[in-house]
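S.K.: Please see the structure below; I have some questions.
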Amino acid sequence: MKNRLTKAALALTLLSIPALSMADEYNSLFGIEGGYSNINVETAGAGSVKIQKNGFGNVGLKLGAESENFRIFLSARYYDAKDFNKLNTIGGEFQYKFNFTKRANFFLGANAGKAYMKVATNGTQPSVDTSTGYLGADAGFNIHATELIDLEVGARYMSLDKKVTQGAYTYDFSSLTTAYASIILKWQMD
């Protein structure tokens, strides 16, 4: 079921590209993002349950386009998560902008993609290497610093919903939340 929802969300994002191309004017976008994230992982086994909610940094790149009311991005992110050998995401975001002033806007959006995770072994628990699709939402403010540069601050939620059993241990990857800031470079292509 989740794979179908992920495929539908990605298809919706890709199908929105022609809507941007029909707009009278649109900008191409390139963004560099930095943030602070938490991942919820419950580990059960050997008679105990451990819930991890680590705070860690992340960086990412975004490539997209925007019209007056919509933005789409393709994105890739690296997370520097404690107890993980690997935590990366690749996906897309579709956002609707509420233009309340000429200097800023508020946006609400949906995101979908794939998360790649490898939990490090601690000597007693086995390591787990897995990937899963995610669906989520994001919201934030986009401030027009100059005609060519936007500053974005926002929050993102990704539902992972993945259980993996390795030996006597079960890992339940629940969600990934992020507070972030981005610098967005804008330009028009003819």
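S.K.: Under a 1.4 angstrom probe, counting protein chains only, how are MET189, MET117 ranked by accessible area, largest first?
M.R.: Values: MET189 120, MET117 0 Å².
Sorted by accessible area, descending: MET189, MET117.
S.K.: Would you tell me the accessible area of GLU68, worked out with a 1.4 angstrom probe on the heavy atoms of the protein chains, in Å² to the nearest 10?
M.R.: About 140 Å², ignoring ligands and nucleic acids.
S.K.: Say the cut-off is 27 Å between C-alpha atoms; which of LYS82/LYS163; LYS97/LYS163; LYS97/LYS118; LYS97/LYS186; LYS50/LYS162 go over it? Write out the running numbers ahead of the final one.
M.R.: Numbers: LYS82/LYS163 19 Å; LYS97/LYS163 35 Å; LYS97/LYS118 35 Å; LYS97/LYS186 16 Å; LYS50/LYS162 16 Å.
Pairs exceeding 27 Å: LYS97/LYS163; LYS97/LYS118.
S.K.: Leaving out ligands, DNA and RNA but keeping every protein chain, what accessible area does LYS86 have, in Å² rounded to the nearest 10, with a 1.4 Å probe?
M.R.: Accessible surface of LYS86 is approximately 70 Å².
The values are calculated or read from the model by the stated rules, or taken from the named source; none is laboratory data. Note that the structure is predicted; figures quoted are calculated from it, not measured. Keep in mind that these areas ignore ligands, DNA and RNA; they rest on the heavy atoms of the full protein, side chains included. Shrake-Rupley method; radii C 1.70, N 1.55, O 1.52, S 1.80 Å.
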